[in-house]
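Here, each number is a calculation from the coordinates, and none is a lab measurement. Here the structure is a predicted model, which is why all the values come from computation and not from measurement. Note that each Cβ is placed from the backbone with ideal geometry, even for glycine, and that neighbours are counted across all protein chains shown.
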Amino acid sequence: MPKLEIFDPPMCCATGICGNSVDPKLVSFASDLEWLKAQGINVIRYGLSFEPDAFVKNQLVKETLQTDGNNCLPIVIWDGRIVAMASYPSRQKLAQICGLKYNDEECCCDECDCATSIQEETKESECCCG
């Protein structure tokens, strides 16, 4: 089963969503990963500060870090190949990477600004809010 692996740069916590000055991009990305999980995608996230062994054990990540240094982080890997480096992809790009249909229209509820996905088999819109 393919998986999406994210190798994050050093951060103060596992998601970077902590402290007084939270980067809005990290908040959006964390939400996007939860959306992917709700779509059935296997998502695994590693942080250099907390799981350095994962960076050493993954030969592709290890070689990329040796060549490009920490500036290449985050590294996003789908099914064993690098699909993004040095920035976090948008939800639309993540959907494309994972082979999901994506509709960026407004959410069907008033409680968020999420996007809806269109399930391939049913062609029915489902709110990612549950």
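If R0 is taken as 30 Å, the Cβ-Cβ distance between K3 and S49 corresponds to a FRET efficiency of 0.90.
With a simple spin-label model that places each label point 7 Å from the Cα along the Cα-to-Cβ direction, the separation between I17 and L60 comes to 2.6 nm. Fully extending the segment from M85 to S31, taken as 0.36 nm per residue of separation minus the present Cα-Cα distance, adds 17.5 nm. Summing Lys and Arg as +1 and Asp and Glu as -1 over all other residues whose Cβ lies under 10 Å from the Cβ of R45 gives a net charge of -3.
What separates the Cα centres of segment 45-84 and segment 1-24 is a distance of 13 Å.
Taking a ≥ b ≥ c as the square roots of the Cα gyration tensor eigenvalues, with a/c under 1.5 meaning rounded and otherwise prolate when a/b beats b/c, else oblate, which class fits segment 7-92? Here segment 7-92 falls in the oblate category.
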